[in-house]
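Undergrad: Okay, here's the structure, questions in a sec.
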Amino acid sequence: MSDFWLLVELGFSHVWDWQGYDHLLFLAALCLPFSTRQWKPLLWLITCFTIGHSLSLILASLEVVKVSSILIEFLIPVSIAATAVYNMIYARAVWVRNNQLVMWVTLFFGVVHGFGFAGYFELIRDVDQPLWSSLLFFALGIESAQIVLGALMLLLSFVLLNVLGRNRRDWVLVFSSVIIGILLPIIIERWP
């Protein structure tokens, strides 16, 4: 039972690790365009990301796929920037994102981000426990942390748009621009 809570806690702290802020930036970019009325499609996207993240951990743990860490370290900030650019392109759209393409891309980005964490996951998981249980417990921690972040982003959006009367388009454009500004030097630095 202690392994359960340890892995859930490690999954939760993986998302909220300020040194690995890429996870937080990706989720912020993913959540940014949604309103509180659109929490269900956002929850689906968050879950797609977790599934993708878990899938890459399975593939790496079973040594089915081995991906260059240099490539992954480059693709992680690119995926976040791509999400922010997507937000900016569609900033004027009505943000009901039930688009299956967005879900598949989010799943793929989850796979990319998961490969970035696969080496560490192998170090923290108990090899005496089945892979599926370690992965499930870790994924529960990740999913719960991402839901908390999604709820905080929805709350921030609600306050800015409904309480302070800010414009949705401006909110999406400004925050997406900030995310891109943070990532551009990292993308240039990690260019393969």
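Coordinate-derived values only; no laboratory data. No experiment lies behind these values; they were computed from the predicted model shown. FYI the Cβ positions are ideal-geometry reconstructions off the backbone, even for glycines, and counts take in every protein chain you see.
Undergrad: In degrees from 0 to 90, rounded to the nearest 10, what is the angle of the helix 39-61 Cα long axis to the longest principal axis of the chain?
TA: 30
Undergrad: Could you work out how much longer the chain between Lys66 and Gln100 gets when fully extended? Use 0.36 nm per residue separation minus the Cα distance between them, nm to one decimal.
TA: The span from Lys66 to Gln100 would gain 9.5 nm if fully extended.
Undergrad: Just want to confirm a number: the relative contact order over the range 2-189, from Cα pairs under 8 angstrom separated by 6+ residues, in percent.
TA: 43
Undergrad: While we're here: Could you work out how far helix 2-15 tilts from the main Cα principal axis of the chain, as a 0 to 90 degree angle to the nearest 10?
TA: 40
Undergrad: I need the trypsin sites (Lys or Arg not before Pro) found in the range 119-186, filtered to DSSP loop residues with at most 10 other beta carbons within 10 Å of theirs.
TA: Answer by residue number: there is no such site.
Undergrad: If you place +1 on the Cβ of every Lys and Arg and -1 on the Cβ of every Asp and Glu, how big does the dipole about the Cα centre of the range 27-166 come out, in debye to the nearest 20?
TA: My answer is approximately 740 debye.
Undergrad: May I pose another question? Compute the distance in nm between two label points, each set 7 Å from the Cα along the Cα-to-Cβ direction, one at Ile58 and one at Tyr21.
TA: 3.4
Undergrad: Using only the Cα atoms, work out Rg/Rh for the range 2-189, with Rh taken as the Kirkwood radius, to two decimals.
TA: With Rg and the Kirkwood Rh in hand, the quotient comes to 0.98.
Undergrad: Right, another one. Could you tell me which trypsin sites (Lys or Arg not before Pro) in the range 1-93 are loop residues by DSSP with no more than 16 other beta carbons within 10 angstrom of their beta carbon?
TA: Within the range 1-93, the qualifying trypsin sites (Lys or Arg not before Pro) (loop, at most 16 other Cβ atoms within 10 Å) are Lys66, Arg92.
Undergrad: Also, quick follow-up: Points 7 angstrom from Cα along the Cβ direction at Ser13 and Val159: gap in nanometres?
TA: Modelled inter-label distance: 2.7 nm.
Undergrad: Assuming 0.36 nm per residue, please report the length gained on full extension of the stretch Asp3 to Val178 beyond their Cα-Cα distance.
TA: 59.2 nm
Undergrad: Once you put a point 7 Å from the Cα of Tyr90 and another 7 Å from the Cα of Leu43, both along the Cβ direction, what distance in nm separates them?
TA: With each label point 7 Å from Cα toward Cβ, the separation is 2.1 nm.
Undergrad: Determine the sum of side-chain charges near Phe115: Lys and Arg each +1, Asp and Glu each -1, restricted to other residues whose C-beta is under 15 angstrom from that of Phe115.
TA: -2
Undergrad: Among Val148, Ser133, Val159, whose Cα lies farthest out toward the positive end of the dipole of the chain, if unit charges sit on the beta carbon of Lys, Arg (+1) and Asp, Glu (-1)?
TA: Result: Val159.
Undergrad: To the nearest 0.05, how large is the calculated FRET efficiency for Ile124 and Ser35 if R₀ is 25 Å and r is the Cβ-Cβ distance?
TA: In this case the efficiency is close to 0.10.
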